[in-house]
Every structure is written in structure tokens, then in C-alpha cells.
Amino acid sequence: MRQVILGTAGHIDHGKTSLIKALTGIDTDRLKEEKERGITIELGFAHFTLPDGTRLGIVDVPGHERFVHHMVAGATGMDIVALVVAADEGVMPQTREHLDICKILRIPRGIIVLTKIDLVEDPAWIELVEEDLREAVQGTFLENAPIVRVSSKTGEGMDELVKKLSEIAQIVPERDRAGPFRLPIDRVFTIKGFGTIVTGTSTSGIVRLGDPLMIYPSGHLTRARSLQVHGEAVEEAGPGQRVAINLQGLEKDEIQRGDVVATPESLIPSKTLDVYAELLPNSPYSLKHGSLVRFHTGTSEHIGRIFMLENLEIMPGDSFFAQIHLEHPIPVIRGDRFVARYYSPVITVGGGIIVDPLPKRHRRRMRQEAAAMLKSLMGASDEETLLRHVINSKERGISFGELQVKTGLYGKRLETILGNLEKRESIFNVDKDLKLYISKEFSEELEKSILSRLEEYHRENPLKQGMSKELLISQFAKDYSQKVMTFVLNRLIEKGIVLARQEIIALSTHSVRLNEREKKIASVIEKIYFDAGSQPPSFKEIAPTLNTSIDVAERIFSWMIDEGLLVRVKEELVFHKEILEKLKDQLVSFLKTRGEVSPSQFKELAGTTRKYAVPLLEYFDREKITLRVGDVRRLRE
């Protein structure tokens, strides 16, 4: 069954609620105060089946100026708007404000309903009202909309209204069922024996019985215990439907109107938004940089401060790019629309579209650049939009979840575009689990920085094989995450530009060469350690005898360790590699014969002292040659 949402708009007491009751038999004024005062205060809901079987979900909005924020909430998700004007009064202030709001929210189609015609005896008066109406809607989406004259009291014109609504409903396109389920909450209540119920108009995706759900921005997790569409229990609900969800495990006070119930991990609440907006031509005021505004999106209202990115004052009728700083985070995605009202006096002044829901805060000197970026995003394709966001993320990278929100793309569509960009190596996924992406431009920039650092290190340490991987990554840790660093470094290794020997990183062009004088010093050092056998001296003991500076001696000594000529067993304890190999062979042979060895036995076997024997045994443990069992060592299997 096709589902279409019809919403009302219009001035107070122009007969919106009576019209709905005459059409559906449902009185949408459910509150005691509404009955007593005879005006609509809260949103009301009804439904009606058109002759072709299309189910019309109807949202009745308040007409009083004090409740315009409720009207904005009700307009969320409308497919068709019925602009209701009383024939005996004609166009009034809230007629115009509601029309402005519908224009800002880009409600695509509608109908004009002239009510209370039974109260007007002079046909000429009705003609004048219609002329005034046509002038009021000129240049809007209702410019060519049909005007239907009705009387909710006598029923006159109701058949014609149903006919016109059926014609318009036929051209309402089916909503896209892809993407996450999202439902801005317009009502929260409890029913004894059932628990907490939320209602709203679903804007995207599908929800099924038992599905996990999350309340945004609080992050409360829940499940869909039961679902209703227009009062009927259903197994699933989709976009464009009036849905009631019985939420599992949540109390009424944990949720409020303006929250969004959605697929878990599909949204990221934000207090900062980049927007493209328009100031209404009929706005009585300009809008200045830093002004407080009432920001309406979905069913929520928040106070925010608006900062212009180009001109510091916006005049009526002008369009502009801005950043809005809100008091509280809200869960929105790219493409969501909003309405802006002055903080005081409270009147609708404009609105627009969210271009980037997760931007950085723009410093004064960067505002023009930010505006240029937003302009480019406005006209970009899905692929261009995604790529630009990856490029702009620079060293931080951008997650799959952030890309969903910043592009408004979800599911297979997003995965396909990402896959295509990866194949072309325009972007890289640096973490398969987290799905963290960086751009080719940034990857190349970081590659240059790594190569430059390695070149500098080789110049400063010509006798070292290379730089430890840990040290290299730590020197970039302030600006780059370890995952990003490791990925880019591995790409350099794969390309053969950088070599990795265990945990040592070096340029492939780097080689260690000793000059003749250094070779002589290395020979002296090697002989000292070979002759010392199993009781070698420390470097500090031999350095003064080498007839060179300490710095040069240290470099040569480190080079000999890197090359494996000398082996560091413990801190200052270094052995010649052949001596160490001989000791290992003696130990293995002893263990194969005797089965185990004590420190004192090894001391005698090696012809050394306890000072050297214990560190040597610990070294052989680390090298997995021996296994310590109590106070003895055994051969590892």
C-alpha cells in the first residue's frame, strides 16, 4: 500500500482541524486544553484512505504564532501540504509564515484549501480572496496549485478535495528505502502495560520488529518491541510513514521530542554545522555575524549562534554560507533542511540546507576558504563529495561512519564509491576494521616527510644501518596516528623505496661504508673483544685507548653491533659474535649430555665469572635456546 504524508498549514482558526475531521472522522485535538480553548496547541495526527487505496497520513499543525515551532516540527516529512485559508478572513500573518516555512523546507507540492465557504454569502468576496491567495503564493511551489473551496460544516467541496488529493498523491515518488532508519520524534508517551511509545514520520530506511535502535543524541540503546502505522500493528515500517514504536527498556524521561530514533551507529551528533541558507525576502531584519537564532531541524529546536563565512551582514533576500554553533549536539546528515527564526522577536527569517554536519570550527582567516569549499560541495557529484571530504581530513583521516553523515550516502551506494576510489588509488583504507580512509594527496605528503626524516637521520648517523621503526613513528606521533603512519610506511616498503630489517628502517639507497681510518679502529675493537673471550670489557673501558673521539668511537661501535660483529647481551655487556657462538655450542652440547645446567656449572663451562655467566644465561633464555626451570636451565624443545 502506498503511503503519502499530507500536512496542514495556515493561520489560527482557519479550520484546519475541522477540515481533517470532516475528511477522516478523526478529531486531532486530543488535549483537554485544546478542547476548552478551541485551538490546536500540539501536533495532531489522522489518516485516510484515498479511492485508489493510497494511505494518506495527515499531520495537523497549530496555527497560532506562539506554536510555530510545533508547526515546523510537523512539517518534517511532508509529501504534500494543504495550505488552509478561511474564506471569511483570507490571507493572514500565519498563512504567510507557514508558507515561508514550507518553502524553506522544500516541500515539493501542495494544494490550497479555501475553508468556511458556508460563512460567505457574496461570491465576489471569495473571488477576491482567491486573487489575494494567488498573489501570496506567486513564485512558490503552490503557484499553480489547485484551489478547492470547501465547507467542513456542510460537506460542500469535500468530494472535489478528495479527487484533487488523489491526483497529487499519484505523482508523489516512492521514497528510497536504502540507508539507515531515521525517525525524528514528535511525541513521547507511555501506555500502561506497554511502556514508552514514540511517534514520528520516518524519513529513511526500514525498521522491523525486534530491530536494535538508538536514541540520538543521548546514545541510549533500545529495540523495537512493537510497531504501528496509523494505529495498525505491522511487522515493518518504511520511509514516509507515520510510525509509532514501542521501545524496549527505556523510560519516558530518557527521551524527548526532537530526539531521533535511528539505526545504531548511523548518526554522529554535532554542535557545529556548515550550512547554505537564504534570508527571506520579506524578513523585516538583516542577519548579522554572530547573531543568536532559533534553529529548527526535524522535530527539534535549539539555540545557536550564526557566523557568516563571507559578508558579515546578510540582507533580506540574500543567500549565504555560514557556520552555526549550537548549545547542544544534534544528529543530522548532509542534505537535511532547517528553518531559522530570530531569537527575539521570534519570527521566521530564513533557512536552508546542511552542507557539512561535522565541520571543523573555522578561524577568521580561514572563513573565505571554508565558503569556497562549501560552494564546491554544493554542486559536486556523490563521488566528488566523498573524495573532497577524504582529502580535507588530511592527517586525521576520516572514518566510514563520518563519511556516511558528511555525504548522506549509506549502504551499497557508499561502499561502491569507496571501492571505485580505492581501485584508482585516489584514497586508501588504512584500517580494515575501523574503515579509516586517507587521500592519495595526503599519503604522498606524508611519504615525503618520512623520506626527508630518514635522509636527515642517515646524514647524522652515517654508520647506523637505519632508524628504529618505533623511533620514527614516535617522531610523527604528535601529528599522525600510528595506524596512518604504519600504513604509509608499509607502502614505502612495498614500493622498495624504504627497506625494513626487522625493526630497523632505512632508505633503500643508504649503505654504511667505513673509511680507512674507521676500518682500522673497527679492527682494533674487534680484536679486543675476540681476545677477551668470555670476559669482555665495557665500551667505556676501551674507548680511551682507541685514539679517536668518543663520538666517532661510539658510531663505529654501534655499527659493529648493527652489522652483527658484536652482540649486545645486556646493556653495557657486549661479546664478539664468534665467542658467543662458541659459548652457545658448548652450552647446547652440555645440556644434551647432562639435561640441565646450573649457573655455577655454566660459569665453569664458559671459563668466566658470575658477573658474565648470569647475563649470558638470561640472553640464551631470551633467544629461546634454554628454558629456566627453578634455578637450572634446560634445552628448549
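In the set V234, V261, which member is β-branched (V, I, T) and farther than 21 Å from E174 by Cβ? Give the steps one after another, and end with the answer.
Values: V234 fails: farther than 21 Å from E174 by Cβ.
Unique residue meeting the criteria: V261.
Find the strands (runs of 3 or more DSSP E) located wholly in the stretch 205-268 whose residues include 1 or more that are among the basic types (K, R), and list them. Quick ask: steps written out before the conclusion?
Values: elements: 212-216, 220-229, 232-234, 242-247, 260-262.
The strands (runs of 3 or more DSSP E) meeting that bar are 220-229, 242-247.
Only a single item in (1) part of a loop (DSSP other than H, G, I, E, B); (2) more than 22 Å from A46 (Cβ to Cβ) is not met by T196, and it is number (1). If you check L403 against the conditions, is it surrounded by 20 or more Cβ atoms within 10 Å (Cβ to Cβ), outside the structural domain of V332 (by TED's automatic domain parsing) and not in a helix (DSSP H, G or I)? Spelling it out, it is not the case that L403 is surrounded by 20 or more Cβ atoms within 10 Å (Cβ to Cβ), outside the structural domain of V332 (by TED's automatic domain parsing) and not in a helix (DSSP H, G or I). When you look at V162, is it touching a helix residue (DSSP H, G or I) at 6+ places or on another chain (Cβ under 9 Å) and assigned to a helix (DSSP H, G or I), yes or no? Against the criterion (touching a helix residue (DSSP H, G or I) at 6+ places or on another chain (Cβ under 9 Å) and assigned to a helix (DSSP H, G or I)), V162 qualifies.
Taken over the stretch 347-383, residues that are within 22 Å of A277 (Cα to Cα) and in a helix (DSSP H, G or I) amount to 16.
Got at least one residue in the stretch 99-106 being on the phi > 0 side of the Ramachandran plot and either buried (at least 16 other Cβ atoms within 10 Å of the Cβ) or in contact with a strand residue (DSSP E or B) (Cβ under 9 Å, 6 or more places away or on another chain) (or both)?
If we filter the stretch 99-106 for residues that are on the phi > 0 side of the Ramachandran plot, which is where we start, we get 106.
In the following step, the residues that additionally are either buried (at least 16 other Cβ atoms within 10 Å of the Cβ) or in contact with a strand residue (DSSP E or B) (Cβ under 9 Å, 6 or more places away or on another chain) (or both) were identified as 106.
So far as the stretch 99-106 goes, yes, one or more of its residues are on the phi > 0 side of the Ramachandran plot and either buried (at least 16 other Cβ atoms within 10 Å of the Cβ) or in contact with a strand residue (DSSP E or B) (Cβ under 9 Å, 6 or more places away or on another chain) (or both).
Residues of the stretch 210-245 that are under 19 Å from F189 (Cβ atoms), surrounded by fewer than 20 Cβ atoms within 10 Å (Cβ to Cβ), without any contact (Cβ under 8 Å) to a residue 60 or more places away in the chain and not aliphatic (A, V, I, L, M): S218, H220, R223, R225, S226, Q228, E232.
The set of residues in the stretch 118-169 being polar (S, T, N, Q), exposed (fewer than 14 other Cβ atoms within 10 Å of the Cβ) and within 21 Å of L19 (Cβ to Cβ) consists of T154 alone.
Given the options P123, P180, name the one that is under 47 Å from the mean Cα position of the chain (by Cα) and either more than 19 Å from D79 (Cβ to Cβ) or not small (G, A, S) (or both). Before you say what the answer is, go through the steps one by one.
Details: P123 fails: under 47 Å from the mean Cα position of the chain (by Cα).
None of the other options fit; the residue is P180.
Would you confirm, using the coordinates I've provided, whether I324 is in a strand (DSSP E or B), under 26 Å from P180 (Cα atoms) and touching a residue at least 60 places away in the same chain (Cβ under 8 Å)? Can you show your working first?
On the way: in a strand (DSSP E or B): yes; under 26 Å from P180 (Cα atoms): yes; touching a residue at least 60 places away in the same chain (Cβ under 8 Å): no.
In short, no.
Per the listing T201, T154, the residue uniquely polar (S, T, N, Q), without any contact (Cβ under 8 Å) to a residue 40 or more places away in the chain and over 17 Å from L83 (Cα atoms) is T154. Pull up the stretch 406-424, narrow it to residues that are in a helix (DSSP H, G or I) and among the charged types (D, E, K, R), then point me to the one that is farthest from D274 (Cα to Cα). Within the stretch 406-424, the match that is farthest from D274 (Cα to Cα) is K423.
Within 40 Å of the chain's Cα centre (by Cα), at negative phi, among the polar types (S, T, N, Q) and crowded, with 18+ Cβ neighbours inside 10 Å: does that describe T199?
On the way: within 40 Å of the chain's Cα centre (by Cα): yes; at negative phi: yes; among the polar types (S, T, N, Q): yes; crowded, with 18+ Cβ neighbours inside 10 Å: yes.
Yes.
The set of residues from the stretch 600-637 being among the hydroxyl-bearing types (S, T, Y) and touching a strand residue (DSSP E or B) at 6+ places or on another chain (Cβ under 8 Å) comprises Y612, Y619, T626. For the stretch 431-486, the set of residues classified as of a type in the set (A, V, I, L, M), in contact with an Asp or Glu (Cβ under 9 Å, 6 or more places away or on another chain) and more than 14 Å from I398 (Cα to Cα) consists of L446, L463, listed by residue number. When only residues in the stretch 345-384 that are free of Cβ contacts under 8 Å to residues at least 40 places away in the same chain and of a type in the set (S, T, N, Q) count, which is farthest from R96 (Cα to Cα)? Among residues in the stretch 345-384 that are free of Cβ contacts under 8 Å to residues at least 40 places away in the same chain and of a type in the set (S, T, N, Q), the one farthest from R96 (Cα to Cα) is S381. Looking at I324, I303, just one residue is surrounded by fewer than 18 Cβ atoms within 10 Å (Cβ to Cβ) and at pLDDT 95 or above, and that residue is I303.
Tell me which residues, restricted to the stretch 426-439, are outside any strand (DSSP E or B) and at pLDDT 95 or above.
Scanning the stretch 426-439 gives a single hit, S426.
Tell me, which residue of the stretch 406-440 that is basic (K, R) and in contact (Cβ under 8 Å) with a residue 12 or more places away in the chain is surrounded by the fewest Cβ atoms within 10 Å (Cβ to Cβ)? This residue is K412. At least 2 residues being crowded, with 17+ Cβ neighbours inside 10 Å and aromatic (F, W, Y) is the threshold, and among the helices (runs of 4 or more DSSP H) wholly inside the stretch 462-576 those reaching it are 550-562. Looking only at residues of the stretch 584-632 that are under 58 Å from the mean Cα position of the chain (by Cα) and of a type in the set (F, W, Y), we find that the one that is surrounded by the fewest Cβ atoms within 10 Å (Cβ to Cβ) is Y619.
The residues of the stretch 109-151 that are farther than 30 Å from G317 by Cα, in contact (Cβ under 8 Å) with a residue 40 or more places away in the chain, in contact with a Lys or Arg (Cβ under 9 Å, 6 or more places away or on another chain) and not in a loop (DSSP other than H, G, I, E, B), listed by number, are T115, I117.
The values are calculated or read from the model by the stated rules, or taken from the named source; none is laboratory data. Nothing here was measured: the structure is a model prediction, and the numbers come from that model. A quick note on method: Cβ atoms are made from the backbone with ideal geometry, for glycine too, and the neighbour counts reach across all protein chains shown.
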